[in-house]
1. How big is the Cα convex hull of the stretch 84-172 in projection, averaged over all directions, in nm²?
2. Run the quick spin-label model on ARG38 and LYS205: label points 7 Å from Cα toward the beta carbon, then report their separation in nm to one decimal.
3. Hey, which lysines would be in cross-link range of LYS57, C-alpha to C-alpha under 17 Å, not counting anything within fewer than 8 residues on its own chain?
4. Could you work out what % of the accessible surface of the stretch 85-162 is carbon and sulfur, using a 1.4 angstrom probe and leaving DNA, RNA and ligands out of the count?
5. Rounded to two decimal places and with Rh computed the Kirkwood way over Cα pairs, what is Rg over Rh for the stretch 28-150?
6. If one computes the Cα centroid of the stretch 203-237 and of the stretch 155-179, what distance in Å separates the two points?
7. Could you sort LEU262, LEU214 by accessible area so the largest value comes first, with the probe set to 1.4 Å?
8. I'd like to check one number: the per residue accessible area of the stretch 138-209, probe 1.4 Å, reported in Å² as a whole number.
Amino acid sequence: LSLNTLIGALRSGATAALEFDNALQERQAISAASNGERVKLRTTIIETSTGTKFSAKELTEAATIMSQAGLGVKEITSSLKEVALVATATGSGIKSVTDVFTSAIGVFKIQATETASVSNQLIAALNLSKLTIDKVATGLQYASNIAAESGLSFSETTAALAAMSNQGITAGSTLGTGFRQVLLDLQTPSTKLKARLDELGISLKDIDPSSNGLIGSFENLRKAGFTAADAFETMEKRAANAFIALLRGVDDQRTLREAILLSNGAADANKTAMESLENQSKR
């Protein structure tokens, strides 16, 4: 390292340390941590700040959101770099990424130690669809709880939102409310929908996501001959639009889920982004 580079790195670290100390005074939940925990969090925030575009203040605010979501300081420390990594790799705001992470961890009962998997899945979904972090965050806000209650995993939910976006439903709120209503209709069909299912010889068990998975449920509907016209005749318009997007996008949904689970492309992006962050911090 040249002397100028070293001086710049030291100044950057000192600025980040000052920003963290100032921000910490406003963050009572984190301030309540033990001295050892605060030191580790401070180090993580300073290292992450000097290696990314995010300031220590922004990172401390992200840590506060995690704390308010019930994560302990140890969990926050292990998750924060992953959050910054996804935000950097996707060009997203760190608050939106933090919202998605905390929703995924809380609703789908994902361990904080598994945040690398969450980050890989997110990057894969964003790379392979028309989704953005903001759309995912909004979609999860409306649909994550009913998705989890229906037995769906984070990867299944993300794949469904991605498939719907690829079918032309692009607004986050429409994605979320439409998907939520679809899941409710699968659990408790309306009289019209139930009658049509009976005509086609489809039982409620055949369309139960907790038994068949979401993809399996829609494959059963498609094989039995349930059509877009059936959806419009038996369902509310918004639910019908979402239903049709999922019905038409069954194959896309399967491909997306497999890619999200494998996260091959995401792992490469993750590795590249991490190497970039490390190189920046060494300069």
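1. With the hull built on Cα positions only, its mean projection is 5.0 nm².
2. Rounded to a tenth, the inter-label distance reads 5.9 nm.
3. The qualifying lysines are LYS40, LYS81, LYS95.
4. Heavy-atom surface of the stretch 85-162 belonging to carbon and sulfur, 1.4 Å probe: 45 percent.
5. Across the stretch 28-150, the Cα-based Rg/Rh ratio is 0.96.
6. If you average the Cα positions of each part, the centres end up 17 Å apart.
7. LEU262, LEU214
8. I get 39 Å² per residue for the stretch 138-209.
The values are calculated or read from the model by the stated rules, or taken from the named source; none is laboratory data. None of these values were measured; they are calculated from a predicted model. With ideal geometry, Cβ positions are generated from the backbone for all residues, glycine too; neighbour counts draw on all protein chains shown. What goes into the accessible areas is simple: the full protein's heavy atoms, side chains included, and nothing from ligands, DNA or RNA. Shrake-Rupley method; radii C 1.70, N 1.55, O 1.52, S 1.80 Å.
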